[in-house]
Structure formats: C-alpha cells, structure tokens
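Since the structure comes first, as structure tokens, the remarks are kept for the end.
No lab work stands behind these numbers, since they all come straight from the coordinates. Remember, it's a predicted structure, so these values are computed and weren't measured experimentally. No Cβ is skipped: glycine too gets one built from the backbone with ideal geometry, and neighbour counts run over all protein chains shown.
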Amino acid sequence: MSCCDETLELLELIYTRLGVDEFPVKAPPLLIQEDDKEIALENHAQLWEWTARNLDAVMGQFPIKIKIKDSDPTTEGNQEVELNLPNVAETLAELFGLVYQSEINGDLITEILLRLIPEVISTKNAALIGQSYAKANASFLGYKANAKEVPIDYNFDLEASKSLPRFLRESKKRITVHEDESKESVLDILAKLEFAAGIIKSSFYMKPSESGRLLGAIETMIQDEALSIPNKEQWRDWLQRMNRDTGKHNRGQSIQPEVIEDLHEGFDKL
C-alpha cells in the first residue's frame, strides 16, 4: 500500500469519526425556548458554540452571588446576607444540606406538636372545671361579680398576622374579668353573725330576775312615748357601756358594732 492510500484511509477514518457527513445539524437556538424555531449547524465550530451557549442558558453563569434581604424575620429591620455559589456541585451540596436539615427540623416540630396536643387539651379541661367551680361557689355564696376590663401582656400581636416580625412582638390587650366589689368579706359577715348569736344566746340564757327587769323596762318604754329625762339618761348610759371596747359584748372581738340612738317620730330607738 502506497503512502497516498494510507493517507486517504486515515482521512476517511477521521472523516467518519468526526461525523462530517452529519452536517449540517438542525437544532433549536436555545434548549429553553418555547417555540419550534431551528437553526443549521454547519460545522464543529458552530456546534461547540451552540453547546456553550445552551450550557450557559440551562445551567446559568457561575459563580453566583445571592443577596438575602432579611435573613432574620423575627427581628425588625433588614438583616442582609450575601451568599457566594461558585459552581453547580457546591450549590447542590448546599441545597441538599438545607433540605435535609429542614426535614429534621420538620420532624422535631411534628413531634413537639404531637406532645403538646394532650397538654393543651388537659389545660383546657382544667380551666373549664375551675370555671365551673368558681361559678358554683358564686351561686352558693350568693354574690355577684362586676365586669371589669384589665390590660394583659402577650408575647404575640394577633392583630399583625400578615407580618411575622410584627406578629412576634409583645403586645398589650384588654380582656373582661369579674371582680367582687363587696365592702365586706365572708369573714366580716360571719363575725357579725357570731356577735349577734352571742347576744341572742345571752338573752335566752338570762336569769329570771334579769329577764323580768328587761321586760319591765321595755313595757315602760312602750307605755311612755316621750321618755322622761331620767330614763333618757339611763338609756344613754347603757349605750355608752355597750359601745365601750372593754364592754361585755366587745371585749376580744375583731368587729365591734356601734349601737346608736336614732330619734324617729318622738321615739328614741335603737
């Protein structure tokens, strides 16, 4: 075989391997285009240029710098952070790490919520039971509470639900509560009842002579509308002795009722 034949054979082999017979090649200008337009690639130079152009169109240009305007949504203001993505491999690694961490956090949040559900239900049940006991006690004791608005601090602002930073701000709202404005407590009333019971007890266990004198004095007061001056003096003397701190009925008592003289239609009455 002559050298010319060998050269021709090599050229044919190169010609075949390079696919020269396949040119021109028809392809869309860009792989990401939406229409059916095509162009003819006449040689390898045009093919390589087309490949580079479409690789840039599909993969994008690296390195890429991304600016995140607000990296901390729980803080008011703009906390800007810049990220640098040098190539596709590192970008995919970064994305995979974030997705995997997000999946772990999602599982943890789900676990926390599942544990909180029975706690919330038990808290609600306890609040309803306590409320029913409070209503029953108020009904049994016979007092009525007055509605009153009071300010309450919250860790959230429920009115700013469209903005997370504003939603996480502390807020102060007003709620309606019930407050007892009675001037006396149950202890005060029981003390008065105890005092009255002592008087009733002393009257029932009074000696016959003392009972007779008391009935006689009452009869005299009924028969004589206008008390005489001596009787008035005796009456006021009795009032003073009853109101003394060291008196029989006031000694050692936390509540000491005061007996007063009320002048009504010509009578001096207790």
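Structure data summary
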| read-out | value |
| --- | --- |
| Over 24 Å between alpha carbons, listed pairs Lys37/Lys65; Lys144/Lys172; Lys148/Lys183; Lys148/Lys192 | Lys37/Lys65; Lys144/Lys172; Lys148/Lys192 |
| Segment Gln79-Tyr100, length gained on full extension (0.36 nm per residue, minus Cα span) | 5.1 nm |
| Counted charge near Ile32, where neighbours are those whose Cβ lies closer than 13 Å (Asp, Glu -1; Lys, Arg +1) | -1 |
| Assigned charges on the beta-carbon of Lys, Arg, Asp, Glu; the stretch 93-181 dipole about Cα centre (debye) | 420 |
| Overall Cα dimensions of the stretch 9-62, principal axis frame, Å, largest first | 43, 28, 11 |
| Stretchable slack from Arg115 to Ala145, in nm (0.36 nm times residue separation minus alpha-carbon distance) | 7.1 nm |
| Estimated distance in nm for a label pair at Ile64 and Tyr133, the labels positioned 7 Å out from Cα along Cα-to-Cβ | 6.1 |
| Approximate spin-label separation Ala196-Asp180, in nm, with each point projected 7 Å along Cα-to-Cβ | 1.9 |
| Rounded to the nearest 20 debye, dipole of the stretch 9-62 from Cβ charges on Lys, Arg, Asp, Glu | 180 |
